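Reviewing the structure listed below.
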Amino acid sequence: MTTLSDPPQSSFKLSMLLNDTRYRAYTFQFIALVCVAALFAYLGSNLAQNLEDAGLTISFGFLGDPANYDINQTLIEYDNQMDHWRASLVGVLNTLLVSFLACITATVIGVFAGVLRLSNNWLVRQLMSIYVEAFRNVPVLIWIIIIFTVMTAVLPAPRAFRGEDPEASMLFGAIAFTNRGVYIPKPIFEAGGWAVMLVFLAGVVGAFAYRRYATRLLYATGKLLPMGWPALAIAFVPALLVFFALGQPISLELPELGGFNFTGGINILGSLIALWFALAIYTGAFIAENVRAGILSVSRGQSEAAASLGLRPNRIMNLVVLPQALRVIVPPLISHYLNITKNSSLAIAVGYMDLTGTLGGITLNQTGRAIESILLLMAFYLAISLTISAVMNVYNSSVSLKER
Amino acid sequence: MKKTVFLGALTVAGLAAGAASAQTLSDVQERGTLNCGVTTGLVGFAAPDANGEWDGFDVAVCRAVAAAVLQDPTAVEFVPTTGKTRFTALASGEIDMLARNTTWTFTRDVDLKFEFVGVNYYDGQGFMVPKALGVSSATELAGATVCIQTGTTTELNLADYFRRNNMEYTPVPIETNAEAQQQYLAGACDVYTTDASGLAATRAAFENPGDHVVLPEIISKEPLGPLVRHGDNEWGDVVRWTLNALIAAEEYGITSTNIEEMATNGSPEVKRILGTEDELGSKLGLDAEWARRAIAAGGNYGELFARHIGESTPIGLSRGLNAQWTDGGLLYAPPFR
């Protein structure tokens, strides 16, 4: 026989907040939270108070005023009558452009240098370690300035291309290297030009599909289809056919010397090139070390096993070692990409108008709205960095070890 | 309830801080040095000389103020500022005054909350090009690449000028005068634009100044002058009247050599300036001989001009608009009375 009694109802008493271990942790956390909130409230109100005393009020209204200044590289339409917000966007796009170019180039350089640092060839190995040590241990600002100064000092000014017997001439009559940047031909799309582009893109997709199909076939049946030339043919032949069938709707606009500068074509600014290469070779040196670490983390047995199956060394690297090494390489790679994006703010050293140059430079200066501009600047960089992190984390989870 | 008390205390603290910012004069006297913002280096206006001493036309204004306030023209801490950092430096209190060929504009005076105390150089924006380009007028500059110091009024004038004349151009933004010079000489830009006085000073520092010409067009008004923070009128008055004393001294013929003689034998106005009649100095919170020391520090306005940027110097600027009103210029010091 049993008598069931209700379990004793715990009644909550205020003293339990301190005496009962179940609640004490919460009490202290709450106190800590209040302290932190108070600290921030103090800092915030102090800031607001001092700003008011100095006669400054936080207002973002200046973003709607005309910017009144010009920018030398604009990826979207911009003139000096557009507002400061538009100028900031031009800066954001310039930041994104140089970061994107530098990330790609740094990755390529880094992977090559990292693999070659483990080469069996003594000379190659030593050259790569010199590269890594030299570039990793000198501040990136110095590299930016060195490259920019060398470009302005060594390359000819546009006026050197002038005259009957010019001191400098264009490469293939189409590309001009000057100390103001590189002028390259610009494709002009006439009616039908976009059709050619579309066919070409479809061809590229088709080429990848073919490679996939061939790989599947190889794994399923052991039948080896040729890979290289059919893929190339699928990518290019239809596009070329359409190009000629539509009467060559894409033409090139060559840069030509007119007035003070080259006109026509696309001008890749010297400041962009300097910043791009400096960031790429500097960060490339770090990535090389990551890649080396990643490769060394793959156990030797893996490559020995692959070798015993008869795979050649570069196939071992591509098919066995690198895919496993990626698990180690990708997480630090994300932070290097973020570093490139943030280091691109050194652009002002060479007069490249990135976000720091437009919003954090000229706009800040001409409007005197320092706090608002810096806050916006922080928000922009934060957004860019978090986006890069998010994208790279998705990639990371796709290469990371699948645990089941 | 508690929060209200907390915020109330903050308000009191904030008010105290606000009051403290209005005592620049006593702060400077207590510190014993004047923090004066100058350029990072523009020969003739402000640049370190061979001995590492700052020297130049703008520097002389700092020294005159230090002489008036601290009895010692060398008691100046020079803070080099770029076009971008100068206003933050002044607004934050890092410097007490800014004497850095800064253009007096509405926005800077009203919106940025500064106080321009006068004009020590009437300037205008000009263009410099290499002679080899064969350009004789700024209207022929369509399509040119232009080096420009970022964060200056010249940047906006340039955009206005090319827009008004329907010309295209490529701006090359540059941080300091030295970098601009390097870029310009390497041919990375066709044109360098800044205040005409700055162009003259930069050109004077070239190896072959004769290979470069300053174009005749002056595209803007650039009244350059020293400035202080808004809200401390006493300090503003000290700097304003020190500058006026230098200008008035030239008008009345007070020079660094005859100053003692003028103090005893000069006209009543001269005696008031030099402190032998009336007590103008005490009204500024200074002693009677403040202006005498300021003038003795480097001479009157005309002497400073001639020594640092005048026609006998490599910079070779003529007085032009910067002559006394009696000589057809714009310099006109209000009466000392």
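The values are calculated or read from the model by the stated rules, or taken from the named source; none is laboratory data. Keep in mind that what you see is a predicted model, and the values were worked out from it rather than measured. No Cβ is skipped: glycine too gets one built from the backbone with ideal geometry, and neighbour counts run over all protein chains shown.
Key figures
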| quantity | calculated |
| --- | --- |
| Single match in A:Leu338, A:Leu296 (criterion: assigned to a helix (DSSP H, G or I) and closer than 20 Å to A:Met128 by Cα) | A:Leu296 |
| Residues of the range A:35-53 that turn out to be more than 38 Å from the chain's Cα centre (by Cα) and either more than 9 Å from chain B (Cβ to nearest Cβ) or loosely packed, with under 13 Cβ neighbours inside 10 Å (or both), as a count | 1 |
| Residues within the range B:223-244 that are closer than 18 Å to B:Trp104 by Cα, aliphatic (A, V, I, L, M) and assigned to a helix (DSSP H, G or I), tallied | 2 |
| Among residues of the range B:292-301, those that are farther than 10 Å from B:Ile254 by Cβ and either free of Cβ contacts under 8 Å to residues at least 40 places away in the same chain or among the small types (Gly, Ala, Ser) (or both), counted | 3 |
| Qualifying residue in the range B:89-96 (condition: touching a Cys at 6+ places or on another chain (Cβ under 8 Å), at pLDDT 90 or above and within 14 Å of chain A (Cβ to nearest Cβ)) | no |
| Of all residues in the range B:128-162 being surrounded by fewer than 23 Cβ atoms within 10 Å (Cβ to Cβ) and acidic (Asp, Glu), the one that is nearest to the other protein chains (Cβ to nearest Cβ) | B:Asp160 |
| Residue match in the range B:277-297 (condition: β-branched (Val, Ile, Thr), crowded, with 17+ Cβ neighbours inside 10 Å, at pLDDT 90 or above and assigned by TED's automatic domain parsing to the domain that holds B:Met97) | yes |
| All positions within the range B:298-337 that are closer than 26 Å to B:Ala205 by Cβ and either among the aromatic types (Phe, Trp, Tyr) or in the same structural domain as B:Thr202 (by TED's automatic domain parsing) (or both) | B:Tyr301, B:Phe305 |
| Which numbered condition B:Asn244 fails, given (1) touching a helix residue (DSSP H, G or I) at 6+ places or on another chain (Cβ under 6 Å); (2) modelled with pLDDT of 90 or more | (1) |
| Close pairs from the range B:140-156: first more than 12 Å from B:Ala188 (Cα to Cα), partner among the aliphatic types (A, V, I, L, M) and in a loop (DSSP other than H, G, I, E, B), Cβ under 7 Å, at least 6 apart | B:Leu141/B:Val135; B:Leu141/B:Met167; B:Ala142/B:Met167 |
| Qualifying residues in the range A:228-259 (those that are more than 14 Å from chain B (Cβ to nearest Cβ), outside any helix (DSSP H, G or I) and in contact with a helix residue (DSSP H, G or I) (Cβ under 6 Å, 6 or more places away or on another chain)) - the one surrounded by the fewest Cβ atoms within 10 Å (Cβ to Cβ) | A:Ile250 |
| Residue ID - nearest to the other protein chains (Cβ to nearest Cβ), chosen from residues in the range B:163-186 that are of a type in the set (D, E, K, R) and outside any helix (DSSP H, G or I) | B:Glu175 |
| Cross-chain or 6+ apart pairs with Cβ under 8 Å, the range A:119-139 first and farther than 14 Å from A:Glu289 by Cβ, then in a helix (DSSP H, G or I) and at pLDDT below 90 | none |
| Residues of the range B:175-213 classified as among the β-branched types (Val, Ile, Thr) and under 22 Å from the mean Cα position of the chain (by Cα), total | 4 |
| Residue in the range A:62-82 that is assigned to a helix (DSSP H, G or I), more than 13 Å from chain B (Cβ to nearest Cβ) and in contact (Cβ under 8 Å) with a residue 12 or more places away in the chain present | yes |
| Leading residue by the ranking (surrounded by the fewest Cβ atoms within 10 Å (Cβ to Cβ)) among those in the range A:352-404 that are more than 20 Å from A:Ser271 (Cβ to Cβ), in contact (Cβ under 8 Å) with a residue 60 or more places away in the chain and within 10 Å of chain B (Cβ to nearest Cβ) | A:Thr367 |
| B:Asn120 surrounded by fewer than 19 Cβ atoms within 10 Å (Cβ to Cβ) and farther than 30 Å from A:Phe62 by Cα | no |
